[in-house]
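This is the structure I want to talk about, given as structure tokens.
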Amino acid sequence: MPMSDSPPIIVRITRRFEASAERVFDAWLDPAMAGKWLFATATGRMVKAEIDPRVGGSFSFTDRRDGVDVEHIGEYLEIDRPRRLVFTFYVGKATADASRVSVDIVALAAGCELILTHEMDAKWAEFAARTEAGWTMILQGLARSLGLAT
Amino acid sequence: MVEGQTHSLDAVFHALSDPTRRQMLRSLAGGERSISELATPFRMTFAGASKHVKALETAGLVRRRVEGRLHLCRLEAAPLAAADEWLRYYTRFWSDRLDALDHALRSADAAHVKRRKR
């Protein structure tokens with residue numbers, strides 16, 4: 001991983017879709033559609049899916065799993081249809097676990113490609129300049145050198 | 001698992017954000033070291049090294065014991081595994097979510113075709 005001033009990457013996933021960039025983008029912000037997949041689980045029931053789709057607006061999804069309500073909340077930081085969506089993300093009441101998710105969508109000749117990047121709390125960005133490699137590399141490298149199986 | 005570990009994970013990521021501390025961990029992988037031994041490669045004072053060890057201790061990555069005038073440090077690898085687990089958890093989480101998105105888009109297509117056929 002090259003040296004960079006960007007915040008350390010925690011998780012990055014790339015996925016291709018047959019649907020257009022616009023449809024894939026809208027699926028994140030349309031409550032009816034997002035309620036079907038975004039924070040839904042096979043065994044849970046989506047009891048609340050509220051979205052205020054503007055920069056500074058927030059979302060709140062409640063999935064009821066075995067009688068326990070699991071809340072997913074966050075705030076939109078960037079909305080640039082159909083290219084980019086950035087939001088903060090908290091699970092449950094553990095606000096210490098605040099993190100940032102960026103969704104970048106690139107239109108292809110047929111369908112589109114989506115790149116999802118999940119970063120730790122923005123406060124970790126201050127350490128980015130001092131961090132030569134992304135977190136994944138750091139952790140894997142350390143785990144290897146410490147003899148932990150990964 | 002993710003909800004309960006947030007504080008310790010914060011401390012772990014903080015501890016690991018510094019290259020000196022990462023090097024100290026590698027050194028400790030070889031066995032117990034005194035603070036002076038940990039400080040040597042960095043030409044650091046005892047106080048400076050002790051501060052780094054304190055951050056590692058807070059994260060639960062290092063345990064310190066005092067033997068006479070010696071402060072001996074030992075590696076505790078479990079929190080590192082927790083941080084690694086955090087990464088794996090969210091990799092799986094988003095991978096599952098994107099599968100669900102693909103499925104939802106296909107279902108919407110199928111419903112649309114059905115309506116048009118009617």
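Of all residues being among the basic types (Lys, Arg) and at the interface with chain B (Cβ under 10 Å from one of its Cβ atoms) in the stretch A:16-69, which is most open to solvent (accessible area, probe 1.4 Å)? Just the residue, please.
A:Arg16
Sticking with this one: Just the residues that are part of a helix (DSSP H, G or I), within 20 Å of the chain's Cα centre (by Cα) and not hydroxyl-bearing (Ser, Thr, Tyr), please, taken from the stretch B:33-76.
Across the stretch B:33-76, the qualifying residues are B:Lys51, B:His52, B:Val53, B:Lys54, B:Ala55, B:Leu56, B:Glu57.
Limited to the stretch B:58-92, what total is found for residues that are in contact with a strand residue (DSSP E or B) (Cβ under 6 Å, 6 or more places away or on another chain) and modelled with pLDDT of 90 or more?
Number satisfying all stated conditions: 9.
Related question: What strands (runs of 3 or more DSSP E) completely inside the stretch A:27-117 contain at least 3 residues that are touching a residue at least 60 places away in the same chain (Cβ under 8 Å) and on the phi < 0 side of the Ramachandran plot?
Because the criterion is at least 3 residues that are touching a residue at least 60 places away in the same chain (Cβ under 8 Å) and on the phi < 0 side of the Ramachandran plot, the strands (runs of 3 or more DSSP E) in the stretch A:27-117 that meet it are A:99-107.
Another question about this same structure. Please determine, by comparing only the residues of the stretch B:41-87 that are within 14 Å of another protein chain (Cβ to nearest Cβ) and exposed (fewer than 14 other Cβ atoms within 10 Å of the Cβ), which one is nearest to A:Ile13 (Cα to Cα).
Filtering first and then ranking leaves B:Ala78.
Residue-wise test of (1) of a type in the set (S, T, N, Q); (2) within 30 Å of A:Ala19 (Cβ to Cβ).
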position	(1), (2)
B:Pro19	no, no
B:Gln23	yes, no
B:Ser34	yes, no
B:Met44	no, no
B:Ala77	no, no
B:Thr91	yes, yes
B:Arg116	no, yes
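The values are calculated or read from the model by the stated rules, or taken from the named source; none is laboratory data. For clarity, every value in this text was computed on a predicted model and none was experimentally measured. Neighbour counts run over all protein chains shown; Cβ positions are idealised from the backbone, glycine included. What goes into the accessible areas is simple: the full protein's heavy atoms, side chains included, and nothing from ligands, DNA or RNA. Shrake-Rupley method; radii C 1.70, N 1.55, O 1.52, S 1.80 Å.
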